[in-house]
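Written below as structure tokens is the structure these notes are about.
The values are calculated or read from the model by the stated rules, or taken from the named source; none is laboratory data. Only a predicted model underlies this, so the values are computations on that prediction, with no experimental measurement involved. Here Cβ is always computed from backbone atoms with ideal geometry, including for glycine, and neighbour counts include all displayed protein chains. Areas reflect the complete protein model, heavy atoms only, side chains present, ligands, DNA and RNA absent. Shrake-Rupley method; radii C 1.70, N 1.55, O 1.52, S 1.80 Å.
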Amino acid sequence: MRPAFAVGLVFAGCCSNVIFLELLVRKHPGCGNIVTFAQFLFIAVEGFLFEADLGRKPPAIPIRYYAIMVTMFFTVSVVNNYALNLNIAMPLHMIFRSGSLIANMILGIIILKKRYSIFKYTSIALVSAGIFICTFMSAKQVTPHSSLRENDGFQAFAWWLLGIGALTFALLMSARMGIFQETLYKQFGKHSKEALFYNHALPLPGFIILASDIYDHAVLFNKSELYQVPVLGVTMPLMWFYLLVNVITQYVCIRGVFILTTECASLTVTLVVTLRKFVSLIFSILYFQNPFTLWHWLGTSFVFIGTLMYTEVWNNLGTTKSQLQKDDKKN
């Protein structure tokens, strides 16, 4: 598939997914485990039926490589969540995760020996700065949460340093995972559907330790008000409807991401995903009528300019203009 189609899937699926995720979280803030489990289960079942052919089709990429990839993903998720218990405020947590573009570029230079143009370096800096500004200004509306009480002196500073170390590790591990995927596809070929299946099927046993929490929220979902689904005319609890749409849009989103990993370089994939996060943030602010300040507009301009610089749109326009002039001369 063409990269443009994959980018369309990412933005359409992920941005609409944010709406229903926020609707779920606003009603039940602790429903993250059941949402994640439902998403993984849906994608794994779909892949088992249509990609793995009920388990009869052997994987093109050895399972051991998928196991490494899943381990990286699981580690990043656990470390990111645990960092909130290490005296790290939510705004700082969000800002750190917005630095994935820079981390991906740094590891690409170190591991893959890549070199980029000055426009690429500048664009990544602008996009990261824009997301930093918008994330920070939005995070000011959120009350920071930490499981630690007020601590004085060296102990509090030591916990904070440990939290910074955890976030840094998770950021670099996430970037390393993207590069690992890129090298796998170069070695074994492009298999986006297969990667999508195994990356969601292999972690399923891990949800056993979360079974109690998942069951509790399933009971809560059953108690929500009834809702009649348009067109279909089916009546179901509202929370289950939100979850169903969230799962479907998440599938569209993640399918686009995995197609991108087979069609584009790791840095490009990271840029698209980061831009998607930015658009989701802006969309969430507008849809749920959250404040949108001048700082948000400044961040928006940074992201827009950085994106144009990264795609080198001016060079492409110049090439197109020269080609048109040549065609005119021929005619």
In the stretch 111-127, anything among the β-branched types (Val, Ile, Thr) and within 13 Å of residue 266 (Cβ to Cβ) is listed as 111, 124
Residues of the stretch 167-189 satisfying the condition of being of a type in the set (Lys, Arg) and crowded, with 16+ Cβ neighbours inside 10 Å: 176
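Yes or no, residue by residue, for (1) in a helix (DSSP H, G or I); (2) without any contact (Cβ under 8 Å) to a residue 12 or more places away in the chain:
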residue: 177; (1), (2): yes, no
residue: 205; (1), (2): yes, yes
residue: 216; (1), (2): yes, yes
residue: 232; (1), (2): no, yes
From the residues in the stretch 128-157 that are open to solvent by 40 Å² or more (accessible area, probe 1.4 Å), farther than 26 Å from residue 270 by Cβ and assigned to a helix (DSSP H, G or I), which one is modelled with the lowest pLDDT? 153
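Modelled with pLDDT of 50 or more, over 20 Å from residue 18 (Cα atoms) and either open to solvent by 60 Å² or more (accessible area, probe 1.4 Å) or outside any helix (DSSP H, G or I) (or both), is that true of residue 308? Write out each step before concluding.
Numbers: modelled with pLDDT of 50 or more: yes; over 20 Å from residue 18 (Cα atoms): yes; either open to solvent by 60 Å² or more (accessible area, probe 1.4 Å) or outside any helix (DSSP H, G or I) (or both): no.
It is false that residue 308 is modelled with pLDDT of 50 or more, over 20 Å from residue 18 (Cα atoms) and either open to solvent by 60 Å² or more (accessible area, probe 1.4 Å) or outside any helix (DSSP H, G or I) (or both).
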Given (1) under 27 Å from residue 34 (Cβ atoms); (2) exposed (fewer than 13 other Cβ atoms within 10 Å of the Cβ); (3) modelled with pLDDT under 80; (4) among the hydrophobic types (A, V, I, L, M, F, W, C), residue 209 misses just (3)
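Taking into account only those residues within the stretch 280-300 that are within 15 Å of residue 130 (Cα to Cα) and not in a helix (DSSP H, G or I), which is modelled with the highest pLDDT? Walk me through it before giving the result.
So in the stretch 280-300, the residues within 15 Å of residue 130 (Cα to Cα) come out as 280-282, 292-300.
Checking which are not in a helix (DSSP H, G or I) leaves us with 292-293.
Details: 292: 70, 293: 78.
Here the answer is 293.
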Any idea which residue in the stretch 212-228 is farthest from residue 48 (Cα to Cα), counting only those that are touching a Leu at 6+ places or on another chain (Cβ under 9 Å) and open to solvent by less than 30 Å² (accessible area, probe 1.4 Å)? 224
With the structure loaded, tell me whether residue 256 is on the phi < 0 side of the Ramachandran plot and either at pLDDT below 95 or of a type in the set (Phe, Trp, Tyr) (or both) or whether it fails that test. yes
Considering only residues that are closer than 16 Å to residue 195 by Cβ, part of a helix (DSSP H, G or I) and open to solvent by 50 Å² or more (accessible area, probe 1.4 Å), which ones fall in the stretch 47-61? 48, 50
Could you say whether any residue in the stretch 80-94 is modelled with pLDDT of 85 or more and either within 27 Å of residue 187 (Cβ to Cβ) or open to solvent by less than 30 Å² (accessible area, probe 1.4 Å) (or both)? no
